[in-house]
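Could you have a look at this structure, given as structure tokens, before my questions?
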Amino acid sequence: MTQLALVIDLNVCVGCHACVTSCKQWNTSGSAGPLEDLNPYGESPSGTFFNRVQTYEVGEFPLTETVHFPKSCLHCEDPPCVPVCPTGASYKRKEDGIVLVDYDKCIGCKYCAWACPYGARELDEGRKVMTKCTLCVDRVTSTTLPEDERKPACVMACPTSARLFGDVHDENSEVSVAIRERGGYALMPEWETKPANQYLPRKITELIDEAKL
Amino acid sequence: MKPAWSVIFLTTLCGMAQGFMLALVGADLIGGGHVTPASARIFFSGGAAICVVLTALGLFASFFHLGRPERFWRSAAMWRTSWLSREVIAVPAFLGSSSFYAWAHYSGQAYAPALGVLAAACALALWVCTAMIYACLRFIREWASAYTLVNFVLLGCASGFTLAACWAAWAAPAWVPAYLAAAYLFLIVGLLVRLLMLRRNASLKPVSTLQSAIGIKNPKIQQKSMGAMGGSFNTREFFHGKSALFIKNVRWIFLVLIFPASTMLLALAEQRVSGLLLVVALLVQYAGLLAERWFFFAQANHPQNLYYQVVS
């Protein structure tokens, strides 16, 4: 059984937000309808995004690191958002494990968003339905795009290749090898949602001793 | 979480109707007192009609929670897995059985009490569905306990029996003392359970931390940016945006209004034999219930909030 997923390398993400904008561009332009923006040119712009890059400071000065942390739906293998949906609009595809929302069935009750510990779902204020990362299902299953473009828009856009895409159930895929060999981990493992997306931890790097330079 | 008034009205109005139905069916089965068949007919059919109106009002309020209310009919589909879907079935079942019960008493059918038992069973089922919507979300730990269900049932019964006393004062005065006695009992047990629930929730230690949220073990992590300057659905839906003092005051308000204030007003009404004071007690208690339900939602701390600590 296939489980498509992203593996995000925290070593090389530079927080440029190219994945955010390319995700927005692709997913606001498709047949599923635009991702609404609220007050886009005003004082307090807001809008629907499937992917966001957050920034954290880890450690205590002077031993601090800046970690850029891309965050989107993790396409959990046991997604808590799916069984709570009253209409069946939220579902997990059997063929590739992508968790999707059928916008035509969604009643906008927001219960799935409450049921997601990661805050991966955002209600579109224009269409009044729940939206989330589709793993660019329309790209990855496309038969018309050139084969090397059948990847999520965020993966295509990342300038540092911080985003790997593939089948985490295939032992020999690039993502499985990366998880296995580089200590890939899941977010909030305590809730046993078995996120398909995983993160590659930063490698321990030595401090530069200025005196030796 | 940000309390939604639609759901606050839904759970409090339906809860009162459910408690009232138990009160009606209890009197229907046990009987007693000196109530003429004519006034019993008005009491039961009119009371059940009040249940129907309250539930319908709650249902109406719930529509305001939906982004796409015109698609409401889809929401019964996933009853196998979703407590929300089960609630969507339980509400009309309660409405339907209560309507039949009202009609059966109005038209003097002998099987009316049997329909009452059915309506009472629907009321209990509805409580289970409503409470489980919240209690099944295991990572919202303020909700994920049996207290959620017990609290909904006890406060629903307290308000339902208080309403029953009000209605009986007008339609069947002989039953007022029994209803008031039951209301006092539910209020006292309800207060005890609510205090235990507050104590449990105050002692909860977070299971998820910023460390488990982003998977970095360092004990010192600070968010510097949440990836959006003007907020997002995540900052609007999951934060109540009120100060700790405000939350604390709401807690005092509901504790005082529901328990000592309404109980003393009920006792005063009983002493002065005043139907009007009973209604005042009910209104004061209902205001407290609105505050209680607001607090119930506001107190829930969603783990996604770990990712949304800093606006920049």
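The values are calculated or read from the model by the stated rules, or taken from the named source; none is laboratory data. Because the structure is predicted, anything quoted here is derived from the model rather than measured. Backbone-built Cβ (ideal geometry, glycine too); neighbour counts: all protein chains shown.
For the subset of region B:67-91 comprising residues that are in contact with a Leu (Cβ under 8 Å, 6 or more places away or on another chain) and farther than 23 Å from A:Pro80 by Cβ, which member is surrounded by the fewest Cβ atoms within 10 Å (Cβ to Cβ)?
B:Phe72
Out of all the residues in region B:203-226, which are part of a loop (DSSP other than H, G, I, E, B), more than 16 Å from B:Asn301 (Cβ to Cβ) and more than 7 Å from chain A (Cβ to nearest Cβ)? I'd like the intermediate steps shown before the answer.
Our first condition is that a residue be part of a loop (DSSP other than H, G, I, E, B); within region B:203-226, this holds for B:203-209, B:215-220, B:226.
So of that shortlist, the ones also more than 16 Å from B:Asn301 (Cβ to Cβ) come out as B:215-220, B:226.
Within region B:203-226, B:Lys217, B:Pro219 meet the criteria.
Determine which member of the set B:Phe64, B:Phe44 is surrounded by 23 or more Cβ atoms within 10 Å (Cβ to Cβ) and touching a residue at least 40 places away in the same chain (Cβ under 8 Å). Steps first, answer last, please.
Numbers: B:Phe64 fails: surrounded by 23 or more Cβ atoms within 10 Å (Cβ to Cβ).
Just a single option satisfies the conditions, and that option is B:Phe44.
The rows are residues; the columns are (1) part of a helix (DSSP H, G or I); (2) within 14 Å of chain A (Cβ to nearest Cβ); (3) at pLDDT below 95.
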position	(1), (2), (3)
B:Ala93	yes, no, no
B:Gly96	yes, no, no
B:Gly108	no, no, yes
B:Ala114	yes, no, no
B:Met132	yes, yes, no
B:Leu149	yes, no, no
B:Val153	yes, no, no
B:Ala168	yes, no, no
B:Val189	yes, no, no
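Hey, another quick one. Suppose the filter is exposed (fewer than 15 other Cβ atoms within 10 Å of the Cβ) and without any contact (Cβ under 8 Å) to a residue 60 or more places away in the chain; does A:Ser90 pass it? Steps first, please.
Numbers: exposed (fewer than 15 other Cβ atoms within 10 Å of the Cβ): no; without any contact (Cβ under 8 Å) to a residue 60 or more places away in the chain: yes.
The answer is no for A:Ser90.
What's the total number of residues in region A:55-66 that are surrounded by fewer than 22 Cβ atoms within 10 Å (Cβ to Cβ) and within 9 Å of chain B (Cβ to nearest Cβ)? I'd like the intermediate steps shown before the answer.
First pass over region A:55-66, keeping only residues surrounded by fewer than 22 Cβ atoms within 10 Å (Cβ to Cβ): A:55, A:57-66.
Checking the rest, the ones that are also within 9 Å of chain B (Cβ to nearest Cβ) come to A:55, A:57-60, A:64-66.
Total meeting the criteria: 8.
Kindly evaluate B:Ser39 against the criterion of being touching a residue at least 12 places away in the same chain (Cβ under 8 Å), surrounded by 19 or more Cβ atoms within 10 Å (Cβ to Cβ) and more than 28 Å from B:Phe233 (Cβ to Cβ).
Numbers: touching a residue at least 12 places away in the same chain (Cβ under 8 Å): yes; surrounded by 19 or more Cβ atoms within 10 Å (Cβ to Cβ): no; more than 28 Å from B:Phe233 (Cβ to Cβ): yes.
It is false that B:Ser39 is touching a residue at least 12 places away in the same chain (Cβ under 8 Å), surrounded by 19 or more Cβ atoms within 10 Å (Cβ to Cβ) and more than 28 Å from B:Phe233 (Cβ to Cβ).
Right, next: Can you tell me which residue among B:Ser262, B:Ser243, B:Ser274 is more than 14 Å from chain A (Cβ to nearest Cβ) and under 30 Å from A:Asp37 (Cα atoms)?
Details: B:Ser262 fails: under 30 Å from A:Asp37 (Cα atoms); B:Ser274 fails: under 30 Å from A:Asp37 (Cα atoms).
Result of the check over B:Ser262, B:Ser243, B:Ser274: B:Ser243.
Still on this structure, please answer the following. Can we say A:Glu125 is modelled with pLDDT under 95, farther than 19 Å from A:Val67 by Cβ and touching a helix residue (DSSP H, G or I) at 6+ places or on another chain (Cβ under 9 Å)?
Details: modelled with pLDDT under 95: yes; farther than 19 Å from A:Val67 by Cβ: yes; touching a helix residue (DSSP H, G or I) at 6+ places or on another chain (Cβ under 9 Å): yes.
So A:Glu125 passes the test.
Kindly list the number of the only condition in (1) within 25 Å of B:Gln222 (Cα to Cα); (2) within 11 Å of chain B (Cβ to nearest Cβ); (3) of a type outside the set (A, V, I, L, M, F, W, C) that fails for A:Pro83.
Failing condition for A:Pro83: (1).
Still on this structure, I have one more. Answer yes or no as to whether B:Val310 is outside any helix (DSSP H, G or I) and out of contact with any Gly (no Cβ under 7 Å at 6 or more places or on another chain). Please lay out each step first, then the result.
Numbers: outside any helix (DSSP H, G or I): yes; out of contact with any Gly (no Cβ under 7 Å at 6 or more places or on another chain): yes.
For B:Val310, the condition - outside any helix (DSSP H, G or I) and out of contact with any Gly (no Cβ under 7 Å at 6 or more places or on another chain) - is met.
Which condition number does A:Ser161 fail, the rest of (1) surrounded by 12 or more Cβ atoms within 10 Å (Cβ to Cβ); (2) under 27 Å from B:Lys217 (Cα atoms) being met?
(1)
If you don't mind, there's one more thing I want to ask. If a residue must be part of a helix (DSSP H, G or I), more than 20 Å from the chain's Cα centre (by Cα) and either surrounded by 14 or more Cβ atoms within 10 Å (Cβ to Cβ) or of a type in the set (D, E, K, R) (or both), how many such residues does region B:235-248 contain?
First, pick out the residues of region B:235-248 that are part of a helix (DSSP H, G or I): B:235-237, B:244-248.
Remaining after also requiring more than 20 Å from the chain's Cα centre (by Cα): B:235-237, B:244-246, B:248.
Applying the additional criterion that residues be either surrounded by 14 or more Cβ atoms within 10 Å (Cβ to Cβ) or of a type in the set (D, E, K, R) (or both) yields B:235-237, B:248.
Matching residues across region B:235-248 total 4.
Can you name the strands (runs of 3 or more DSSP E) wholly within region A:96-199 that have at least 1 residues being touching a residue at least 40 places away in the same chain (Cβ under 8 Å) and either within 14 Å of chain B (Cβ to nearest Cβ) or touching a Phe, Trp or Tyr at 6+ places or on another chain (Cβ under 7 Å) (or both)? Can you show your working first?
Details: elements: A:99-101, A:122-124, A:129-131, A:163-167.
Counting at least 1 such residues, we get A:122-124, A:129-131.
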